[in-house]
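Here is the structure we will look at.
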C-alpha cells in the first residue's frame, strides 16, 4: 500500500516538474518549493542524529570531554552571520576552515599539476602522445598574452582554439547524454514503476 | 516563408515532444542492441574482480550524489554491488551527504535481494551517513585504521567488532575506492586517499562530469571510470558475461577475458544468456529488470541521440540556406 501511495506522489510531482517544459505554472512552483522544504526537513534531523548527538552532546555531556566545548563554540560562531553587529565573529570558523583547506594544497598540486605534467611529458612514440603534445603546447601558448597572436605564432595558437573547441564539443555531447539519461530515468519510473508498462 | 525559415522558427515544445516520443517508444517496444565495453570500464571491472574471494582485500563505495542523478548512477551502483556479491568481494559503503543515505541503503537492498546468504557485517558493511565535516578526518584516518576512523556502522555497531574487518586495517587492505559522484567529489578522494596513502581510486560519474575526469584517467590516477548511463550499461554486461556466469566448469563465475567480451553479447529481451561468436547459450532464467535497466535505457538513449543529431543537421542546413537567401536578396 505504501509503495502504491509513494509511487502516485512521485509520479504526480514528476509531472508537475515536467509541466515547466510547457510553461511556468503554480504546479511546477509547488513541486520546486516542496523539494527545498523536504530536503531541509530531512537533513536537519539526520545531521542532529549523526553529528550533534555523537560528536557534541554525547562526548561533552555524557563522557566529560570538555575540551570539545572549544570547537563547539567555534561552530556556534557561524550563526552570527545573521547579526549585523556581530557577523564579524563568523569569520573565525571560516578562517579555521580555510586553514584546513590549505592543508590540501600540496596534495592538490601533486595530483592536478605535477602528475598531470609528468604524463604530458612522455616520449612522443605514437599518434596519441603527438596529439597530446601539440594540444597542450598550442593551448598553453594561446593563453600567453605577452606576445601578439600574429603570423606563424598566431596560426599555431589557432590550433589551440581548435583543440579547445573539440574539448567543449565533447563536454557538450556528454551534457546532452546526461540530460537525456535523466529524462530516461524519469520515463522509466513513470512507465515502469507507476504504470507497470515496462517488465 | 520557406520550409527552412519555418523550421528556424519552430516552437521548442515540438522538439520536446519528439524527444519524448523517441524515449517512450523504445522503452515500450524494447529491442536488443549490442553494448561495446570501453577500456576504463573493463579496467575497473578487472581491478574489482582481482579482490574476489580474498580475506585481506576490500573495496569502499562512496555515494556522493542525491536522487536527481539516480538515473545514471543507480544502475552502476547496483551492478558493482552485484559483482561484489557474486564474486565474494568484501564491500563497504559510505556517504557524506544526507540525501545520499537512503539511496545507498536502497542500492544495497536492491542488489542483495537475490543473494539469500549475505550478511551485513560479514559480507558487506554500510558505514552509513557521516557528516561532511568529518570527511577529512575519516579519509585521512582510514589511512591508519579504518575502524578507528569510522567507529560505527549505520546500525550503530562498532566497526572493529565486525567479522568483515578481519584482515582489513587501512588503505593497504581497503585498496579500492569507487566514488559515485555528480560533482567533483572524486577529486577529493584522489587528493587525500591516493596522493597521501596510495589508495586506488575509481569513479562512477554522471556523463556531465566525465570530461573533467578524463585527465586523471589518462594519468593513471583513476584506475577506471564509468561514465553515465553508458558506463552503467557496460558494467551490467561485464557482470552478466563474467561474474554472474555459471556452467559446470565455472560455478562461481569466470575470469575476465578480452577475447570473450569482444565476441559475446547479451540480448536483454530474451531468456538467452549470451552469444559467443556463433554459439548461442540458452537459459530458462530471464534477467531481472534491475540488472538490465541501464542497457534498456541505452536503447532509448541511442534513438534520442540520433534524433538530436538530425535536429542539429536540419537546424544548421536551415540556418545556412536562410543566410544564403538573405544575402541574395
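None of the figures in this text is laboratory data; all of them are computed from the coordinates on show. Quantities reported herein were computed from a predicted structural model and do not represent experimental measurements. Positions of Cβ are backbone-derived with ideal geometry, glycine not excepted, and every protein chain shown enters the neighbour counts.
For B:309, B:89, what ranking results if the residue with the fewest other Cβ atoms within 10 Å of its Cβ goes first?
On the way: B:309 11, B:89 24.
Least to most surrounded, the residues fall as B:309, B:89.
I want to check the label-to-label distance for residue A:92 and residue A:166. Put each point 7 Å from Cα in the C-beta direction and report it in nm to one decimal.
5.5 nm
Per residue of A:107-114, how many C-beta atoms from partner chains lie within 10 Å of its own C-beta, taken as a mean?
Working: counts 8, 6, 2, 6, 10, 8, 0, 2.
Counting other chains' Cβ atoms within 10 Å and averaging over A:107-114 gives 5.
How do the peptides A:110-116, A:126-132, B:218-224, B:27-33 rank, highest first, by the average count of neighbouring beta carbon atoms within 10 Å per residue?
Working: A:110-116: 16.3, A:126-132: 11.9, B:218-224: 20.1, B:27-33: 14.6.
Most protected by this proxy first, the peptides run B:218-224, A:110-116, B:27-33, A:126-132.
Return the whole-Å distance between the Cα centroid of region B:112-177 and the Cα centroid of region B:10-32.
43 Å
How large is log10 I(q)/I(0) at q = 0.10, 0.12, 0.17 Å⁻¹ when the Debye formula is applied to the Cα atoms of region A:66-199, each weighted equally and without solvent?
One equal scatterer on each Cα of region A:66-199 leads to -0.80, -0.89, -0.96.
Would you work out if region A:124-199 is rounded, prolate or oblate? Take a ≥ b ≥ c from the square roots of the eigenvalues of the alpha-carbon gyration tensor; rounded if a/c is under 1.5, else prolate when a/b is larger than b/c, oblate otherwise.
The shape class here is prolate.
How well do other chains shield peptide B:140-153, expressed as the mean number of their Cβ atoms within 10 Å of each residue Cβ?
0
So, by mean Cβ neighbours within 10 angstrom, what's the order for B:202-211, B:299-308 with the highest one leading? Could you put the intermediate results ahead of the total?
Values: B:202-211: 26.6, B:299-308: 19.3.
The packing order, highest mean first, is B:202-211, B:299-308.
Tell me, in nm to one decimal, what length is gained between residue A:1 and residue A:15 on full extension, where the rule is 0.36 nm per residue of separation less the Cα-Cα distance?
Length gained, residue A:1 through residue A:15: 2.9 nm.
Peptide B:185-195: average number of partner chain Cβ atoms within 10 Å per residue?
The mean count of partner-chain Cβ atoms within 10 Å per residue comes to 4.
Which value, to two decimals, describes the C-alpha radius of gyration of region A:2-132 once divided by 2.2 N^0.38 Å?
Relative to the 2.2 N^0.38 Å estimate, region A:2-132 comes out at 1.78.
How far is helix B:12-28 tilted, in degrees, relative to the longest principal axis of the Cα atoms in chain B, given as a value from 0 to 90 rounded to the nearest 10?
In chain B, helix B:12-28 runs at an angle near 50 degrees to the longest axis.
In degrees, nearest 10, range 0 to 90: what is the angle between the Cα axis of helix B:228-238 and the longest Cα principal axis of chain B?
60 degrees
Over what distance in Å are the Cα centres of region B:201-251 and region B:35-106 separated?
10 Å
In what sequence do B:56, B:179, B:49 fall when counting other Cβ within 10 Å, fewest first? Walk me through the intermediate numbers first.
Working: B:56 13, B:179 26, B:49 21.
Sorted ascending by nearby Cβ count, the order is B:56, B:49, B:179.
Note the angle between two axes, namely the Cα long axis of helix B:70-86 and the longest principal axis of the Cα atoms of chain B, as a number of degrees from 0 to 90, rounded to the nearest 10.
The angle comes out near 40 degrees.
Sort B:54, B:130 so the one with the fewest other Cβ atoms within 10 Å of its own Cβ comes first.
Ascending Cβ contact count within 10 Å gives the list B:54, B:130.
Quick check: Cα centre of region A:4-62 to Cα centre of region B:294-316, how many Å?
What the calculation gives is 33 Å, centre to centre.
FRET efficiency for residue A:47 and residue A:117, Cβ-Cβ distance as r, R0 = 35 Å, nearest 0.05?
That pair, residue A:47 with residue A:117, gives E of 0.30.
So what's Rg/Rh here for the protein assembly as shown, counting alpha carbon atoms and using the Kirkwood radius for Rh?
Checking Rg against Rh, the ratio lands at 0.99.
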